[in-house]
1. Send over a whole-number figure in Å² for the accessible area per residue of the chain, probe 1.4 Å.
2. Please determine, in degrees from 0 to 90 and to the nearest 10, the orientation of helix 269-282 with respect to the longest principal axis defined by the Cα atoms of the chain, where the helix direction is its Cα long axis.
3. Please report, for the Cα atoms of segment 373-415, the Rg to one decimal and the Dmax as a whole number; what are they, in angstrom?
4. Label Leu357 and Val399 with points 7 Å out from Cα along Cα→Cβ: what is the distance between them in nm?
5. So who's got an amide H within less than 5 Å of the one on Thr92, skipping anything under 5 residues away but keeping other chains? H placed 1.01 Å off N, in plane.
6. Taking the full set of protein chains and a 1.4 angstrom probe, give the accessible area of Lys285 in square angstrom, rounded to the nearest 10.
7. With a/c under 1.5 counting as rounded, go ahead and sort segment 311-514 into rounded, prolate or oblate using the C-alpha gyration tensor (a ≥ b ≥ c being the square roots of the eigenvalues; past the cut-off, prolate if a/b is larger than b/c, else oblate).
8. Could you pull the Cα extents of segment 119-165 along its three principal axes, largest to smallest, in whole Å?
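The values are calculated or read from the model by the stated rules, or taken from the named source; none is laboratory data. Note that this is a predicted model, so its numbers are computed, not measured. When we count neighbours, we look across all protein chains shown, and the Cβ atoms used for this are built from the backbone with ideal geometry, even at glycine. Heavy atoms of the whole protein, side chains included, go into the accessibility calculation; ligands, DNA and RNA do not. Shrake-Rupley method; radii C 1.70, N 1.55, O 1.52, S 1.80 Å.
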Amino acid sequence: MTFPELLDRVGGFGPFQFLHLTLIGLPVLGMANHFLLQIFTATTPAHHCRPPPNASAGPWVLPTGPDGKPEKCLRFIHLPNASLPNGTQGATEPCLDGWIYISTRDSIVSEWDLVCDSYKMKELAQSIFMAGVLIGGIVLGNLSDRFGRKTILSGSYLLLAASGCCTAFSPTFLSYLVFRFLTGSSMSGISLSTVILNVEWVPTRVRAILSTAVGYCYTTGQFILPGLAYVIPQWRWLQLTVSLPFFIVFLWSWWIAESVRWMVLSGKSSKALKILRWVAAFNGKKEEGEKLTLEELKLNLQKEIALAKVKYSVVDLIRTSTLRLLLICLSLAWFSTGFAYYSLAMGVEDFGVNIYLLQIIFAGADVPAKFITILSMSYLGRRITQAASLLLAGGSILVLTFVPSDLQTLRTVLAVFGKGCLSSSFSCLFLYTSELYPTVIRQTGLGLSNLWARVGSMMAPVVKILAEVQPFIPNVIYGGMALLGGSAALLLPETLNRHLPETLEDMDNWFQQAKEPEQDPEAEKASQRIPLQPHDR
């Protein structure tokens, strides 16, 4: 008996699974707030140099640039009793006395003067946050395999609440960076454990639908964020508002059930049996649950119990050529998705459209994108869905390179389409990766793959700076990487309607079966009627 069969025995998809999905799905609403928060807390308002203290009262003349607009980073040198120069002539100097900001809202940019020579610090702040997500994926992924999914999930909720609130009270830019790093680390712990607990507690037949349902929680959060930002113009209060609810989430997280698969593999079969009986009772299958015994559980899951005696690490992911190919292809897909996604998501200001409206449009693109993802994953398969989403996104970003900046509508349409495709890619990747990696190393493999998405998202703001050299360079790099990731996805095996692999050997068998020539239709139908043997599950 495999775990999917045990799950069907205690109710399949019943009230417990609905409650479980609700408890882990609602916090995802707030995750979007933190991932995209800097769109609104780090807006760059219109600004110009502050006049020197000894300047005479009256209108202050600003130098103008080649485009005829006032300079943002230069001012005329002030000489006492000298006449004011005109807009283009006269000696200039940097803004030695700071800047005057013209805006109805404040941000970290206006508070710490992250403009002109310091404008790169704004991009650094987002990169530091993504670095936290990256490190969190490494550390918390391994800790989750050791201490359990639920423990790390609850701890990550608490860390997010605490570090998010501390960010709101940061006295300096350096302390802001430190707390944003910790916030990013907690986000990895939440996302990884949420995906695993969602996948391992639902039947195979509805896995894709419910995985995408959790993704819709993130999409809904994207609608909430611009509304909050609009009514809360102070960045510190906005930061606090999106962080405080996670203290409540931390309290209810103790009602979330631990992964039975993990408990069995960790030698905690008695606790696993207790949870299965509780789930059966909650689903109205109490009698079926009472029939389960510890001896029966150990006998039917002896393969999983034996696997618990073998310790696996990241090194095992490159032990065979099959696993190396899997790691390389998934890493490219994750990297290119994170790299291209955050180039668009965090570049809302670059399109010259109202940032609140554009963020709502971006969020709206996710609704049909995820719905199409559900249909595509359920009927066409995970591999085709993953490859198509990245290839289409890469193409739209490359086309964006050739569209003039004055065609704002067309540029916005291309950006929204590309962002929708990349959102689809993320939805598919979480499910696809968790299905490809065997149980014994699933959390580590998902954490390592997710790490590459964070490397990509961390590098995206840095690549954006290359626009100083040539404006088209960033989009060529973003689009090219998306095309490369989509091509790599075509080399992966299909997982549609397959049981989750338990061992590294199961993964090897999958790849071998994928390489075999297609069977005769009648023979294929006959083979599908043959029950899977234990080593194939």
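1. 43 Å²
2. Roughly 80 degrees between the two axes.
3. 13.7, 41
4. That separation, rounded to one decimal, is 2.3 nm.
5. Ile77
6. Lys285 has an accessible surface of roughly 90 Å² with all protein chains in place.
7. On the way: a/c = 2.47, a/b = 1.86, b/c = 1.33.
Cα axes put segment 311-514 in the prolate bin.
8. If we take the Cα atoms of segment 119-165, the spans are 42, 23, 8 Å.
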